[in-house]
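A quick write-up on the structure given underneath.
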Amino acid sequence: MALSREQIAQRIAQELRDGYYVNLGIGIPTLVANYIPQGMEVLFQSENGLLGMGPFPIEAEVDPDLINAGKQTVTAVTGSCFFSSAESFAMIRGGHVDLTVLGAFEVDQAGNIASWMIPGKLVKGMGGAMDLVAGADNIIVAMAHANKAGESKILKQCNLPLTGVHCVRKVVTDLAVLELIDGKFHLLERAPGVSVDEIRKLTEAELVVPSDVPEMRV
Amino acid sequence: MSALNTGESVRKGFNKVVNSYQEALTGFSDNLTVMVGGFGLCGIPEGLIRTVYDMGVKGLTCISNNAGVDGFGLGIWLEKRQIKTMIASYVGENALFEQLYLSGEMQVVLTPQGTLAEKIRAGGAGIPAFYTATGYGTVVAEGKETREYNGRHYVLEPALTADFSLIRAYKADTMGNLIYRKTAMNFNPMMATAGKITVAEVEEIVAPGELDPEFIHTPGIYVDRVILGKFEKRIEQRTVRPA
């Protein structure tokens, strides 16, 4: 069975390490915050100028001056701090964030990612996405393996306008965990109940399949 | 900036406080470049935005991270067709925006948020241009110089300055020293430095000495006019968890 959005987030949360500073993009990535492993401490950086983003507020805590990158009201944890957008992107661009999780429309085997524009349909702007992929060493992409028409989104070459080049390493889809090594995607794990064949059929990019592909633990 | 550069009416020593929105926007006219603080609707100079709308000024080049929502924030400048060129990083919250962009009525320069922030910071800091890896290999880099440093490619991005910076802060003293509140800070500090005339709309004005000198976010040297405002502080996405 293909993973739900929550399960993709759950699997990505397994990549968190104690003491990590993490930036979560809008969409599926925000759900990662709900699955921090027990006993582990991570701090979430929000590109609009907050280090130490907490959960959504209860009604009484709502503060219009306290929002996240997706413009939702949030809270700030003990030990958090606020800063300007220039400071925020110095943090991001300067490679200080330990893990960045973001969504994508397409990725390709050169490590390119397309996540911000669909010509003629969706031209809302790139926001902080281009800075995040350019500045981060450790990026995990959360995405659908194929579109509703069954067309692969794990490609030899992206068709859509790029967000960044040569920046993708690990991808978690609703079907698989992939790692890009030397220009080829390696199939590390498959979603419970999903076969290697199914994954191969929906992957346009070159796929290296080891003899044993374990199921994800979600 | 010194009043001598602007040819505007001279302020009294270091007292930046103005008493009307009219006075706050003296010299604001058609075809200017204006920076507007805020991230979404958070930290926007609501009253200054409303005043520009009422003045009916047109042909503006507007630099702001977002374009407000329909009916509030910069959305009202869009409704009145006051913006000729918009420089922003994300405009998805505004339905009218897409219409104006596709019809060609408004030019849009979509700029990565970090690059936008740094362009404004550089503009206020006397740095004419800088290199960033952001956008290399994408449409953002088209037509721009690139350079390699330590095996990595970077794009040359020019700085941004403005005729007017309209910003929002939490507290000001009468000398223009500013502090901001939580995530309402965002683009305001950089914009404060990059406008020829910087107007700060604030929630509270205090006497000099009441703000701790060790905790000033924006030194008063950058600020030309301070006006006391009243804010609706509309929330774009009120998201709560059960108690």
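Solvent-accessible surface (1.4 Å probe) assigned to A:I113 amounts to roughly 0 Å².
Accessible area per residue for region B:14-57, computed on protein heavy atoms with a 1.4 Å probe, is 38 Å². Positive contributions from Lys and Arg (+1) and negative ones from Asp and Glu (-1), summed over other residues with Cβ under 13 Å from the Cβ of B:Y222, come out at +3. Look at where the Cα atoms of region B:95-133 and of region A:34-113 average out, and the two centres are 22 Å apart. Note on B:F14: accessible area approximately 140 square angstrom, rounded to 10, probe 1.4 Å, nucleic acids and ligands left out. Summarised in one figure, the compactness ratio Rg/Rh of region A:76-218, Cα atoms and Kirkwood Rh, is 1.01.
Students often get this wrong, so check it: of A:K121/A:K156; A:K124/A:K148; A:K153/B:K119; A:K148/A:K170; B:K119/B:K196, which have C-alpha atoms separated by over 25 Å? Over 25 Å Cα-Cα: A:K153/B:K119.
Across peptide B:51-61, the mean count of Cβ atoms from other chains lying within 10 Å of each residue's own Cβ comes to 0. Between the beta carbons of B:S20 and B:E214, assuming R0 = 51 Å, the FRET efficiency works out to 0.95 to the nearest 0.05. Counting 0.36 nm for each residue step from A:T78 to A:E61 and taking away their Cα separation leaves a gain of 4.7 nm. When chain A is treated as a GNM with alpha-carbon contacts under 10 Å, the residue of A:A134, A:A86, A:A149 showing the greatest mean-square fluctuation is A:A149. Backbone N atoms of region B:26-63 closer than 11 Å to the 7 Å Cα→Cβ label point of B:K233 belong to residues B:43. Stretched out straight at 0.36 nm per residue, the stretch from A:Q14 to A:V196 would grow longer than its current Cα-Cα span by 63.3 nm. Look at the stretch B:135-143: the mean tally of other chain Cβ atoms within 10 Å of its residues' Cβ atoms is 6. In this label model, A:N34 and A:E179 are separated by 2.8 nm, measuring between points 7 Å along each Cα→Cβ vector.
With each label modelled as a point 7 angstrom along the Cα→C-beta vector, the B:E79-B:A129 pair spans 4.0 nm. Does region A:111-191 come out rounded, prolate or oblate, given a ≥ b ≥ c as the square roots of the eigenvalues of its C-alpha gyration tensor, rounded meaning a/c under 1.5 and, failing that, prolate meaning a/b above b/c? Oblate is the answer for region A:111-191, as a/c is 1.5 or above yet b/c matches or exceeds a/b. A Förster radius of 60 Å, combined with the Cβ-Cβ distance separating A:E151 from B:I221, puts the computed FRET efficiency at roughly 0.60. Adding -39500 (n - 2.57) for every DSSP H run of four residues or longer, then dividing by how many residues the protein assembly as shown holds, sets the calculated 222 nm ellipticity at -4500 deg cm²/dmol. Rolling a 1.4 Å probe over the protein chains gives A:Y21 an accessible area of about 100 Å².
Note on the protein assembly as shown: Kirkwood radius taken over Cα pairs, Stokes-Einstein applied at 20 °C and 1.002 mPa s, translational D equal to 93 µm² s⁻¹.
Taken residue by residue and averaged, Cβ atoms of other chains lying within 10 Å of the Cβ of B:65-75 number 1.
The values are calculated or read from the model by the stated rules, or taken from the named source; none is laboratory data. The structure presented is a predicted model; accordingly, all values stated were derived computationally and were not measured. Virtual Cβ from ideal backbone geometry, glycine too; neighbours counted across all protein chains shown. Areas reflect the complete protein model, heavy atoms only, side chains present, ligands, DNA and RNA absent. Shrake-Rupley method; radii C 1.70, N 1.55, O 1.52, S 1.80 Å.
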